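This report refers to the structure that appears directly beneath it.
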Amino acid sequence: MSSPFPPIPVASANGMNLAYELELKPSDTRPFVPEKIEVLDPATGKVLYSADGDLLAKLYHPASVPPPTAAELQNGTGKLVYPRISIWFTVSPGAVPDRLTHRITLNATGPGGQPLIVTGGEVPVRKNLSPVVIGSPMKGPGWLSMETTSSLTHHFGAQITLNGVTRVPQRYAQDWIYVDPSGKVAAGNVSIAKNYYGFGKEIYAVTDGTVIGMLDGLPDIPTIFSAPPATFKTAAGNYVIEDIGNGKYACYAHMVNGSVRVKKGDVLKEGQVIGLMGNSGNSDLPHLHFQVVTDTPSFLGAEGYPHVYRSFDTIGTINMTRADQITSSPGFTTDVLWTRFGELVTFFSPVHQENRLPENNDVVRFP
């Protein structure tokens, strides 16, 4: 058991987040399936996190059968040579351990197999590294942060192999959607992308840097949840990648066709408009997909690196109980959810945040 990219502590309102993947390399050919994973602080023996049952099933990424080909591993694939478990949990700010160990219960699936408990996989917590501190990619109130600070997001769960290396490029990404003061996301027919209040909103450079990559000219997808099959080239839609120094890159995706206002080599200042929020590429509805990566300027071929926003106010959140009621009601469709989205948003008195990630499903106000 090992972690290809050990966790870097990153703060959010709920504590210090530790996010990483545990890769399992069997020592023989016996087939095993993990039944339980426990994360321990080796200094105290305390169990910091555990998962089993349905939760573990969602976090477990089995090795592919048949295994990926050499060409797939080089050119890009979601197939895995070795199984992995995605792990994301929080601890209090004063209780971040120096190291983590793992206790895993494996159920042998072969004839006469017995469960096996293995302890090991010591992983350092990278306290020597810090998240990148950035400014605001949008301005003002009403920005809903989705698919972040949770082990059960499509961003965190995406294991992508490119150029022979398996990474999690979107580990700390957010999808930003605009909601109006009543919590609604669109006017009129919600199936039409241009009816969303966020469509065409300005996107700003989050810090000073240099444009190292961009793409414009991909068509806007006119209706929601109707994106064509994505390729590695088109997944981000119309995009900008900004070199923000120290081997880190800010990535902005899914902009309106023809709206990208910068070109490769341009020197950016924080707060400069770089494009407009749209629905291009592998996008279900108008939003900004934002992530920071390290070492390689790529949406899918780099390792996701933590970032925090210098300043914002949390002004609301999503009522997930109500969301579950709507999505499980008779006759539910995606259009029903987005038509009734205002029923899900609860606003409250602003809570100021500094140098933190927003929590999943929180509504924020950016300066």
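Rule-based calculations on the coordinates, nothing more; no lab input. As the structure is a prediction and not an experimental result, all values here were calculated from the model. So basically every Cβ, Gly included, is an ideal-geometry build from the backbone, and we count neighbours across all protein chains shown.
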What list do you get for Ser151, Ser182, Ser145 if you sort them by fewest beta carbons within 10 Å? Ser182, Ser151, Ser145
Applied in sequence order to the stretch 284-299, the curve 6.51 cos²θ - 1.76 cosθ + 1.60 (Karplus, θ = phi - 60°) yields integer Hz couplings, x standing for Gly and Pro, of 8, 7, x, 6, 9, 8, 10, 8, 10, 10, 10, 6, 10, x, 8, 5
By the Cα gyration tensor axes a ≥ b ≥ c (a/c under 1.5 gives rounded; else a/b larger than b/c gives prolate, otherwise oblate), the shape of the stretch 132-310 is rounded
Decide, for the stretch 267-315, between rounded, prolate and oblate: order the square roots of the alpha carbon gyration tensor eigenvalues as a ≥ b ≥ c, take rounded if a/c falls under 1.5, and otherwise choose prolate if a/b is larger than b/c, else oblate. rounded
Assign unit charges at the C-beta atoms only (+1 for Lys and Arg, -1 for Asp and Glu), then state the dipole size of the stretch 10-124 relative to its Cα centre in Debye, rounded to the nearest 20. 80 debye
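Can you compute the helix-only [θ] at 222 nm over the chain? Use -39500 (n - 2.57) per DSSP H run of at least 4 residues, normalise by all residues, nearest 500 deg cm²/dmol. Numbers along the way, then the final one.
Details: 5 runs with 31 residues, N = 367.
Calculated mean residue ellipticity at 222 nm is -2000 deg cm²/dmol.
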Would you indicate which of [x] 61, 47, 42; [y] 69, 43, 37; [z] 67, 49, 45 is the value of Cα extents along the principal axes in Å derived from the coordinates of this structure? [x]
What ranking, highest mean first, results for peptides 272-281, 293-302 when packing means the other Cβ atoms within 10 Å averaged over each residue? 272-281, 293-302
Karplus ³J(HN,Hα) for the stretch 122-132 (6.51 cos²θ - 1.76 cosθ + 1.60, θ = phi - 60°; Hz, whole; x = Gly/Pro) runs 5, 10, x, 8, 7, 5, 7, 10, 10, x, 6
Tally the DSSP beta bridges in the chain and give the antiparallel ones as a percent, rounded to 5. 95 percent
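Charges only on Cβ, +1 for Lys and Arg, -1 for Asp and Glu: so what's the dipole of the chain about the Cα centre, in debye to the nearest 20?
Values: 28 positive and 32 negative charges, 43 e Å.
Around 200 debye, computed over the chain.
Can you tell me the dipole magnitude for the stretch 132-310 around its Cα centre, using point charges on the Cβ only (Lys, Arg +1; Asp, Glu -1), in Debye to the nearest 20?
On the way: 13 positive and 14 negative charges, 19 e Å.
In total the dipole reaches around 100 debye.
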Once each part is reduced to its C-alpha centroid, what is the distance from the stretch 135-157 to the stretch 331-367 in angstrom? 10 Å
Shape call for the stretch 201-292 from the C-alpha gyration tensor, a ≥ b ≥ c root eigenvalues: rounded (a/c under 1.5), prolate (a/b greater than b/c) or oblate? prolate
With unit charges on the beta carbons (Lys and Arg positive, Asp and Glu negative) and the dipole taken about the Cα centre of the chain, which residue among Leu357, Trp176, Pro219 sits farthest to the positive side? Pro219
